[in-house]
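> First the structure, which I've put down as structure tokens, then a few questions once you've had a look.
The values are calculated or read from the model by the stated rules, or taken from the named source; none is laboratory data. Source: prediction; values computed, not measured. So basically every Cβ, Gly included, is an ideal-geometry build from the backbone, and we count neighbours across all protein chains shown.
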Amino acid sequence: MQNKYVVLDFETTGLKAGYHRIIEVGAVIVTDGEITDSYAQLMDPGEHIPSFITELTGISNAMVRGQPSPEQVMPTLKAFIGNMPIIAHNASFDSRFFFAEMGKAGLNHCVPFLCTMMLSRRLVHKSPNYRLGTLVDHLQLKKPKNVRAHRALDDVYLTAELWFHLQQIICSASGRKHTDIDFYLKLMKTPKAKVDKFLSDTGKAQSYE
């Protein structure tokens, strides 16, 4: 398995990257299946946080007052991530904000994103839906104490647990001992009906290497 990567989550003022802003980031570094470092930071977006976002996340305008701006946080986040791949749940959302905010900060940081939602759609059966909280409950994954959904670092810890479980499914189904970024990118694009064959074929291919 990929032995070092970052699990990341943003909370934002809305859904439109480049227009709405990030108000919190949570990230952990996972090395050989263990969380080895973490980073979390509230941010003042320079705009009013809508009441529905406060109701969803618990993050208020008062909480972000006096916090650094997203532009000030991005260099620290970039240094924390380095060249490691990023894992996120619904990565299309987080990646859009990641690249938009890096651009606003005058930074260019191209790293691959892997999506636990896309992988779960292909590997997890009979889940009522593929929201993070639903998957965690459906799979009976470990939760941190006093976890709150839609707080960045709490969601990151849940996403990491989901990622560990998905890796176990892949190992069991394919017999693979090693995977890389290309493997996950191909798996995310594989139609669900063809996932079993993909895992079987790639497992056999690795056995001959």
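> Please list, ordered by residue number, the helices (runs of 4 or more DSSP H) wholly in the range 125-195 having 1 or more residues that are of a type in the set (S, T, N, Q).
Values: elements: 132-138, 152-174, 181-189.
Per the criteria, 132-138, 152-174.
> Would you check if there is a residue in the range 3-19 being part of a strand (DSSP E or B), under 16 Å from the mean Cα position of the chain (by Cα) and exposed (fewer than 13 other Cβ atoms within 10 Å of the Cβ)?
No.
> What residue, among those in the range 39-89 that are touching a residue at least 40 places away in the same chain (Cβ under 8 Å) and of a type outside the set (A, V, I, L, M), is surrounded by the fewest Cβ atoms within 10 Å (Cβ to Cβ)?
This residue is Gly58.
> Turning to a different aspect of this structure: Starting from residues that are surrounded by fewer than 18 Cβ atoms within 10 Å (Cβ to Cβ) and in contact (Cβ under 8 Å) with a residue 24 or more places away in the chain, keep the ones in the range 125-150 and report whichever is farthest from Glu11 (Cα to Cα).
The selected residue is Leu139.
> Answer yes or no: is there a residue in the range 188-196 that is modelled with pLDDT of 95 or more and closer than 20 Å to Ile22 by Cα.
Looking through the range 188-196, none of the residues is modelled with pLDDT of 95 or more and closer than 20 Å to Ile22 by Cα.
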